[in-house]
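Values quoted throughout were computed directly from the atomic coordinates according to the rules given, and no laboratory measurement underlies them. All values derive from a computational prediction rather than experimental measurement. Ideal geometry is used to build each Cβ from the backbone, glycine not excepted, and the neighbour counts take in all protein chains shown.
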Amino acid sequence: MIKPSLTAGISGLRRRPGLVVLLYATNLVLALILSIPVAVAFAGTVGPTGFGEDLAAGFDIVLWADIIEEAGDALAVLFLHLLWMVPLYLIWKAAAGVGLIHALRGDQIRSFWQGVGRYTLRGLLLGVAFAVLAGIGVVVTLGVVLVIGAVWSGPVGGFWVNAVLAPTLLISLLAVLDLMHDYARTALVIGEQPVLKAMQTGMAWPFRHGQASPLYLIWFAPAAVLLLLPTVLDMNVAAATGSAVWGLFITQQILLLLRAAVTVGWFGSETAFYETIWLSELPLIAKEETENTPETDDAAPFSQELPGAEPNDWASA
């Protein structure tokens, strides 16, 4: 089932290249909205000190402490900007997720913005619920790491606990929750499930369907590489001069465009995987609903009660 899901994801990517451009352009605009106030605040911070912006390439804690003390107003302005920019970014992430799932489901061409309008609020509530779970999981994981570090002390133990065990546990925890969140959003959109029910479906999905994890890892690997490479290029920009800066910038934008493409393919694959299983389980779901529903003379036809069915969608599924 992994290969057909991958094929469906790539096919959805070919059919909807506009989604790639939309994701790239929106992420670029959001990055500019965030970076421009940061750059202004940073310039206001280092300007009165007589140091240039190349100060960011190094780190002198005494010097930075003096700068923060002298330019607290600029940093306060930056903090006020973050108060509205970070929520804006989180809302966009929730809207983009449900919009992609709606646009890539089935064989029909559906509107991305229709999915955004219909599911963003519930998708945002679902994201908040998983964020709370992630926070609890991080606290518990750090507690476990501290206990192991206290038992396994010394230079060798400190290296393995802090440099190996802690990052591995945290990355694994966040990856598993991200996988669950993906299928919870898919159940929300395709299955038309309420938030709590979709959350339960998502949390149970990796355990009920083992192929969901390798499918996730196949897309996770290139996404992680494309996430790290632009950061590596950012670190080299400070040392670059002239045309090399523009070359690094263009390369970085290509990588970000590829990352948007991977995101569309990733959502397409997981949506196809969910739909395949969901359609195969529909008779069982319908049977359970029929058994639990009292018989009445004016009961609606069974075809009108299929979960997630939309007008003219079921006939073409």
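Structure above, values below:
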| read-out | value |
| --- | --- |
| Around residue 20: net Lys/Arg minus Asp/Glu count, Cβ-Cβ under 12 Å | +4 |
| Rounded FRET efficiency, nearest 0.05, which uses the C-beta distance separating residue 151 from residue 232 and R0 of 30 Å | 0.25 |
